[in-house]
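A.B. asks: I'd like to ask you about the structure that follows.
The values are calculated or read from the model by the stated rules, or taken from the named source; none is laboratory data. Note that the coordinates shown come from a computational prediction; the quantities given were computed from them, not determined experimentally. Positions of Cβ are generated from backbone atoms using ideal geometry, with glycine treated the same way; all protein chains shown enter the neighbour counts. Areas reflect the complete protein model, heavy atoms only, side chains present, ligands, DNA and RNA absent. Shrake-Rupley method; radii C 1.70, N 1.55, O 1.52, S 1.80 Å.
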Amino acid sequence: GESVGLHLPTLSVQEGDNSIINCAYSNSASDYFIWYKQESGKGPQFIIDIRSNMDKRQGQRVTVLLNKTVKHLSLQIAATQPGDSAVYFCAEKKGGGGTASKLTFGTGTRLQVTL
Amino acid sequence: DTEVTQTPKHLVMGMTNKKSLKCEQHMGHRAMYWYKQKAKKPPELMFVYSYEKLSINESVPSRFSPECPNSSLLNLHLHALQPEDSALYLCASSQIGQGENYGYTFGSGTRLTVV
């Protein structure tokens, strides 16, 4: 069946270094792939998305890469800061187009930023 | 107002109790969602409402009963829950449209404990 999953459950990086969080998906006709950040006691917060027909998209300090050949999604965070410490989820979004879409989350990676 | 507000933030209920979780948004979003999140797990979709009508029920047990009284409000009625239903219940909302990724805005959740 279809699934969205992650390779690493925990990632520890030093402040100032770049972080790369990975996600694999098995079989999808998703319209968008999205990264969310969830801090303790809060709901998921949108970081960046990428349309399924794109390879790369950049935001402020973040870049998402989509490799459809190997069904792989990654989130790169430049100059990681202590405030980046959180759990990161990839998610795939299907549907919409006049009705509500369906957002399915992957298993999550905890990012720990050390000083 | 760019928030999704969930009440209460914490709820402890017995297995014979009836309680309700509430969610409110004033962003004009016409899609609203309930997710369930267990500790260290990704959010799992429960229900989707499009234009105040239930469009997706992810085979959720009938002890969970959603209600969308108007475009700004979403309720989740709880009855005869089990201890394994203890979790963080997240509400989200989004616009409905075609061609664009209308992001989900999540609330901070209700932490539910069933005793």
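A.B. asks: Tell me, what ³J(HN,Hα) does each residue in the stretch A:44-55 have, in order and in whole Hz, if you take phi through Karplus 6.51 cos²θ - 1.76 cosθ + 1.60 with θ = phi - 60° and put x for Gly and Pro?
C.D. replies: After applying 6.51 cos²θ - 1.76 cosθ + 1.60, I find x, 10, 4, 10, 7, 10, 9, 6, 5, 9, 10, 9 Hz.
A.B. asks: Going by average Cβ density within 10 Å per residue, which order do the peptides B:10-17, A:29-36 take, highest to lowest?
C.D. replies: The peptides rank, most packed first, as A:29-36, B:10-17.
A.B. asks: Compute the accessible area per residue over the protein assembly as shown, keeping the other protein chains in place, probe 1.4 Å, unit Å².
C.D. replies: Here the residues of the protein assembly as shown average 49 Å² of exposed surface.
A.B. asks: Just to check I understand the Karplus step: with θ = phi - 60° and J = 6.51 cos²θ - 1.76 cosθ + 1.60, what whole-Hz values come out for the stretch A:81-93, glycine and proline as x?
C.D. replies: For the stretch A:81-93, the Karplus-derived couplings read 10, x, x, 7, 4, 4, 9, 10, 10, 8, 8, 10, 10 Hz, x marking Gly and Pro.
A.B. asks: Also, I was wondering about something else. At 1.4 Å probe size, what's the solvent-accessible area of A:VAL70? Round to the nearest 10 Å².
C.D. replies: Per-residue accessible area (A:VAL70): approximately 90 Å².
A.B. asks: Ok, one more. Evaluate peptide B:101-110: per residue, the Cβ atoms of other protein chains within 10 Å of its Cβ; return the mean as an integer.
C.D. replies: 6
A.B. asks: When the dipole is taken about the Cα centre of the stretch B:39-115, and only Lys, Arg (+1) and Asp, Glu (-1) are charged at their Cβ, what size is it in debye, to the nearest 20?
C.D. replies: My answer is approximately 180 debye.
A.B. asks: Related question: Over the stretch A:60-115, what is the mean sequence separation of C-alpha contacts under 8 Å (at least six apart), divided by residue count, expressed as relative contact order in percent?
C.D. replies: 30
A.B. asks: From the convex hull of the Cα coordinates of the stretch B:7-97, what is the mean projected area in square nanometres?
C.D. replies: Dividing the Cα hull surface by four gives the mean projection, 6.0 nm².
A.B. asks: Could you run the Karplus curve 6.51 cos²θ - 1.76 cosθ + 1.60 with θ = phi - 60° over the stretch B:10-18 and give me ³J(HN,Hα) per residue in whole Hz, x for Gly and Pro?
C.D. replies: Coupling constants for the stretch B:10-18: 9, 8, 10, 9, x, 5, 9, 6, 10 Hz.
A.B. asks: Further question: Among B:LEU81, A:GLY108, A:LEU75, whose Cα projects farthest towards the positive end of the dipole of the protein assembly as shown, with charges put on the beta-carbon of Lys, Arg (+1) and Asp, Glu (-1)?
C.D. replies: Result: B:LEU81.
A.B. asks: List the lysines whose Cα sits under 26 Å from the Cα of A:LYS56, skipping any in the same chain fewer than 8 residues away.
C.D. replies: A:LYS37, A:LYS68, A:LYS71, A:LYS93, A:LYS94, A:LYS102
A.B. asks: On a full-extension model of 0.36 nm per residue, what is the gain between B:ALA39 and B:GLU52, subtracting their alpha-carbon distance, rounded to one decimal in nm?
C.D. replies: Result for the pair: 1.7 nm of gain on full extension.
A.B. asks: Separate question: Taking R0 as 41 Å, what FRET efficiency do you get between B:SER62 and A:ARG51 from their Cβ-Cβ distance, rounded to the nearest 0.05?
C.D. replies: Efficiency at R0 = 41 Å is approximately 0.65.
A.B. asks: Under the definition of Cα pairs under 8 Å and six or more residues apart, what whole-number percent is the relative contact order of chain B?
C.D. replies: Reported relative contact order: 36 percent.
A.B. asks: Carbon and sulfur: what percent of the protein assembly as shown's accessible surface (1.4 Å probe)?
C.D. replies: Reported share for carbon and sulfur atoms: 47 percent.
A.B. asks: Taking H placed 1.01 Å from N in the peptide plane, check which residues at least 5 places from A:SER101 or on another chain put their amide H under 5 Å from its amide H.
C.D. replies: The list, which skips near neighbours in sequence, is A:GLY96.
A.B. asks: Roughly how big is the B-A contact, given as buried accessible area in Å² (both sides, 1.4 Å probe, nearest 100)?
C.D. replies: 1800
A.B. asks: Restricting attention to chain B, give the cysteines that have no other cysteine Cβ less than 4.7 angstrom from their Cβ.
C.D. replies: Unpaired cysteines in chain B: B:CYS68.
A.B. asks: Next question. Kindly identify residues of the stretch B:24-46 having a loss of at least 40 Å² in accessible area between the isolated chain and the assembly of all protein chains, probe radius 1.4 Å.
C.D. replies: With the partner chains in place, the stretch B:24-46 has these residues losing at least 40 Å²: B:PRO42, B:PRO43.
A.B. asks: Can you pull the Kirkwood radius for the stretch A:13-113, inverse mean 1/r over Cα pairs, to one decimal in Å?
C.D. replies: After inverting the mean inverse Cα-Cα distance, the result is 13.9 Å.
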